[in-house]
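Down below is the structure, laid out as structure tokens.
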Amino acid sequence: QVQLVESGGGLVQPGGSLRLSCKVSGNIFSISAMAWYRQAPGKQRELVAVISSGGSLNYADSVKGRFTISRDNAKNTVYLQMNSLKPEDTAVYYCKAVKSLPPPRDYWGQGTQVTVSS
């Protein structure tokens, strides 16, 4: 079993910065990738950023150049550094861990609210 606990969400002004954290615990072996998703009210959940076990990074076009995903293996934690925040970034942000070995499955955190407003 894998448990994910997100933190760092809150209210921030446009142009501000915020760092989200995702603490991973339990059976963390064979996790192939970590990802951040977000979901705004009335919209589909969308992929924001991915970091693979090999360190490859991918970002949604809407956040490229503003957001950075990273990891601290010693702390079993992944981060999402969000800079130059816009009101359209307002959403619930979710952390996901991907396991590829049988049985394959994804693990999700409970989400953390990010609100960008003046």
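Out of the residues in segment 104-118 that are at pLDDT 95 or above and polar (S, T, N, Q), which is least open to solvent (accessible area, probe 1.4 Å)?
Among residues in segment 104-118 that are at pLDDT 95 or above and polar (S, T, N, Q), the one least open to solvent (accessible area, probe 1.4 Å) is T112.
Would you check which residues across segment 47-90 are under 11 Å from the mean Cα position of the chain (by Cα) and either more than 20 Å from S21 (Cβ to Cβ) or β-branched (V, I, T) (or both) and list them?
Those that are under 11 Å from the mean Cα position of the chain (by Cα) and either more than 20 Å from S21 (Cβ to Cβ) or β-branched (V, I, T) (or both): V48, V50, I51, T68, I69, T77, V78.
Scan segment 3-15 and report the pairs whose first residue is open to solvent by 30 Å² or more (accessible area, probe 1.4 Å) and whose second residue is at pLDDT below 95, with Cβ atoms within less than 7 Å and a gap of 6+ or a chain change.
These pairs meet every condition: Q13/S118; P14/S118.
Do we find that I28 is within 12 Å of the chain's Cα centre (by Cα) and either part of a strand (DSSP E or B) or among the hydrophobic types (A, V, I, L, M, F, W, C) (or both) in this structure? I'd like the intermediate steps shown before the answer.
On the way: within 12 Å of the chain's Cα centre (by Cα): no; either part of a strand (DSSP E or B) or among the hydrophobic types (A, V, I, L, M, F, W, C) (or both): yes.
So I28 fails the test.
The values are calculated or read from the model by the stated rules, or taken from the named source; none is laboratory data. Computed from a predicted structure; not experimentally measured. Please note: Cβ atoms are built from the backbone with ideal geometry, for glycine as well, and neighbour counts cover all protein chains shown. Heads up: the accessible areas ignore ligands, DNA and RNA and are worked out on the full protein's heavy atoms, side chains in. Shrake-Rupley method; radii C 1.70, N 1.55, O 1.52, S 1.80 Å.
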